[in-house]
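Step one of this worksheet: look at the structure below.
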Amino acid sequence: METRSLGKHGLEAAAIGLGCMGMTEWYGHIDEKQSVRTIHRALEIGITLLDTADMYAVGRNEQLVGRALTGGWRDLAIVATKFGHRRDPETGKFLGVSGRPEYVRAACEASLLRLGIDYIDLYQQHRVDREVPIEETVGVMKELVDEGKVLYLGLSEAQPEDIRRAVAVAPISTLQTEYSLFERHVENDILDTCEELVIGFLAYSPLGRGLLTGRWQTEADFDEADTRGAGTTYPRFQPGNFEHNLALVETVKAVGAGEGYTAAQVSLAWLLAQRSWIVPIPGTKRVERIDENAAAVELMLTAQELAVLDALGEPAGTRYPEASIPAWTSPPLPGT
Ligand SMILES: NC(=O)c1ccc[n+]([C@@H]2O[C@H](COP(=O)([O-])OP(=O)(O)OC[C@H]3O[C@@H](n4cnc5c(N)ncnc54)[C@H](OP(=O)(O)O)[C@@H]3O)[C@@H](O)[C@H]2O)c1
């Protein structure tokens, strides 16, 4: 598997990673045994970066990843986890974002315990806390590196100004943000900032939460535990938007059809072609998807195919409900 260099502090990962979020919550039926097999298959074929977070299923996702890493698998993995979203341990209710130094320390200790490992390879701030100067948050993250609890540092959904302030005080290797054929907002100035500051990029939801695969065609295709069903959580899955977006996926399918590649593979290959320091982290809980997604590295899209994909058109609906986006994206106005 091709490897990619992420940032300037020595982090290298296979060009395709594995997102573990859907293995325990939000994307339908849970099958932990199958998920563990999926993680093992990924590591077996050379996928290295496993992405989780303390908030996924209120810690149960980290525990699942930790269980998969026992028995010698840990050495093959780059364990990437995140802190920052607080949830009630009993109810799972979201309690807001915290980047307070004492919180970061406690969160790191708790993640290490749940994962059952001595150090975290990549520790990421999940969302910037607009109440806490980012210098304070990444300052304590750097202390965790100095203490050997963490190897590399990353941010998620941070804005260019946040990133600049963070790199001034801590060695930031990665930015993780949504990026796919359906979500291209990072092309405005975020990717340029990463390039200038030599920060690697982890493209999350690279398959548009599954929409870009064309696998879900009707409401009935989502099981009752799937938060994408009826578009209750994600506007791009809402009736009306869903059909419009599926029609766009036909173009993605057509690009790969000639050479026998799937829409998922075309979507991942398109991301890999954007910059040499992007690693998409598709999520799956199925063994067979691992091989399919990994094979996307073999697909070299021609200039003509890239042009067709670039001209795909806008999906209908925002990536998250509109009301939840501004708080993460805009630094507070001066004086607020
Ligand atoms: N930093 C953040 O705020 C943030 C936010 C969201 C996600 N993430 C991270 O990014 C990772 C990936 O994002 P995501 O899971 O939201 O979305 P995604 O990777 O765009 O899509 C995942 C969905 O696609 C399906 N899928 C995967 N490969 C497929 C294939 N080859 N053919 C057909 N279907 C396929 C999966 O279903 P099956 O499981 O059934 O295969 C799953 O339902 C997450 O696991 C998480 O680690 C981070």
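The values are calculated or read from the model by the stated rules, or taken from the named source; none is laboratory data. Quick caveat, the model's predicted, so the values are computed rather than measured. FYI the Cβ positions are ideal-geometry reconstructions off the backbone, even for glycines, and counts take in every protein chain you see. These area figures cover heavy atoms from the full protein model, side chains too; ligands, DNA and RNA do not enter into them. Shrake-Rupley method; radii C 1.70, N 1.55, O 1.52, S 1.80 Å.
Working only within the stretch 1-24, note down all residues that are on the phi > 0 side of the Ramachandran plot and open to solvent by less than 40 Å² (accessible area, probe 1.4 Å).
The answer is GLY7, and nothing else.
For the stretch 276-305, name all the residues that are within 21 Å of ILE78 (Cα to Cα), among the aliphatic types (A, V, I, L, M) and more than 9 Å from the ligand (Cβ to nearest atom).
Once the filter is applied, which keeps residues that are within 21 Å of ILE78 (Cα to Cα), among the aliphatic types (A, V, I, L, M) and more than 9 Å from the ligand (Cβ to nearest atom), the stretch 276-305 yields ILE278, VAL279, VAL287, ALA294, ALA295, VAL297.
Quickly run through the stretch 158-186 and pick out the residues that are without any contact (Cβ under 8 Å) to a residue 24 or more places away in the chain and in a helix (DSSP H, G or I).
Within the stretch 158-186, HIS185, VAL186 meet the criteria.
In this structure, does LEU268 turn out to be in contact with a Phe, Trp or Tyr (Cβ under 9 Å, 6 or more places away or on another chain) and within 12 Å of the ligand (Cβ to nearest atom)?
So LEU268 fails the test.
Do you know which residues across the stretch 195-212 are part of a helix (DSSP H, G or I) and away from the ligand (no atom under 15 Å from the Cβ)?
Passing the criteria: GLU195, GLU196, LEU197.
Cβ-Cβ below 6 Å, separation at least six or inter-chain, first residue in the stretch 304-318 and charged (D, E, K, R), second open to solvent by 80 Å² or more (accessible area, probe 1.4 Å) and in a loop (DSSP other than H, G, I, E, B): which pairs?
Nothing qualifies.
If I filter the stretch 236-249 for residues that are within 23 Å of ALA42 (Cβ to Cβ), modelled with pLDDT of 95 or more, within 13 Å of the ligand (Cβ to nearest atom) and part of a helix (DSSP H, G or I), do I get at least one hit?
No: zero hits.
Does the stretch 194-207 hold any residues that are open to solvent by 10 Å² or more (accessible area, probe 1.4 Å) and either in contact with a strand residue (DSSP E or B) (Cβ under 8 Å, 6 or more places away or on another chain) or touching a residue at least 12 places away in the same chain (Cβ under 8 Å) (or both), and which are they?
The answer is GLU195, LEU197, VAL198, TYR204, SER205, LEU207.
In the stretch 217-233, what residues are touching a residue at least 24 places away in the same chain (Cβ under 8 Å) and touching a Phe, Trp or Tyr at 6+ places or on another chain (Cβ under 7 Å)?
Once the filter is applied, which keeps residues that are touching a residue at least 24 places away in the same chain (Cβ under 8 Å) and touching a Phe, Trp or Tyr at 6+ places or on another chain (Cβ under 7 Å), the stretch 217-233 yields PHE222, ASP226, THR227, ARG228, GLY231.
Does the stretch 127-157 hold any residues that are more than 16 Å from the ligand (Cβ to nearest atom), in a helix (DSSP H, G or I) and either in contact (Cβ under 8 Å) with a residue 40 or more places away in the chain or of a type outside the set (A, V, I, L, M, F, W, C) (or both), and which are they?
GLU135, GLU136, GLY139, LYS142, GLU143, LEU144, ASP146
How many residues does the stretch 32-41 hold that are open to solvent by less than 30 Å² (accessible area, probe 1.4 Å) and among the aliphatic types (A, V, I, L, M)?
Residues that pass the stated criteria total 1.
Right, HIS29: open to solvent by 10 Å² or more (accessible area, probe 1.4 Å) and more than 15 Å from the ligand (Cβ to nearest atom) or not?
no
Could we say that ARG105 is open to solvent by 10 Å² or more (accessible area, probe 1.4 Å) and either assigned to a helix (DSSP H, G or I) or free of Cβ contacts under 8 Å to residues at least 12 places away in the same chain (or both) here?
yes
Taking the options ARG228, ARG215, ARG165, name whichever one is open to solvent by 20 Å² or more (accessible area, probe 1.4 Å), within 10 Å of the ligand (Cβ to nearest atom) and either at negative phi or of a type in the set (D, E, K, R) (or both).
Residue meeting the stated conditions: ARG215.
Can you tell me which of GLU288, GLU305 is crowded, with 18+ Cβ neighbours inside 10 Å, modelled with pLDDT of 95 or more, among the acidic types (Asp, Glu) and outside any loop (DSSP other than H, G, I, E, B)?
Going through GLU288, GLU305 in turn, the sole match is GLU305.
Any chance the stretch 109-121 includes a residue that's within 21 Å of GLN63 (Cα to Cα), open to solvent by less than 10 Å² (accessible area, probe 1.4 Å) and within 12 Å of the ligand (Cβ to nearest atom)?
no
Of all residues in the stretch 67-86, which are touching a strand residue (DSSP E or B) at 6+ places or on another chain (Cβ under 9 Å) and open to solvent by less than 60 Å² (accessible area, probe 1.4 Å)?
ALA68, LEU69, ALA77, ILE78, VAL79, ALA80, THR81, LYS82, PHE83, GLY84, HIS85
What are the residue pairs meeting all of these: first residue in the stretch 250-271, first residue over 14 Å from GLN304 (Cβ atoms), second residue within 14 Å of the ligand (Cβ to nearest atom) and open to solvent by 50 Å² or more (accessible area, probe 1.4 Å), Cβ atoms under 6 Å, and 6 or more apart or on different chains?
ALA263/LYS253
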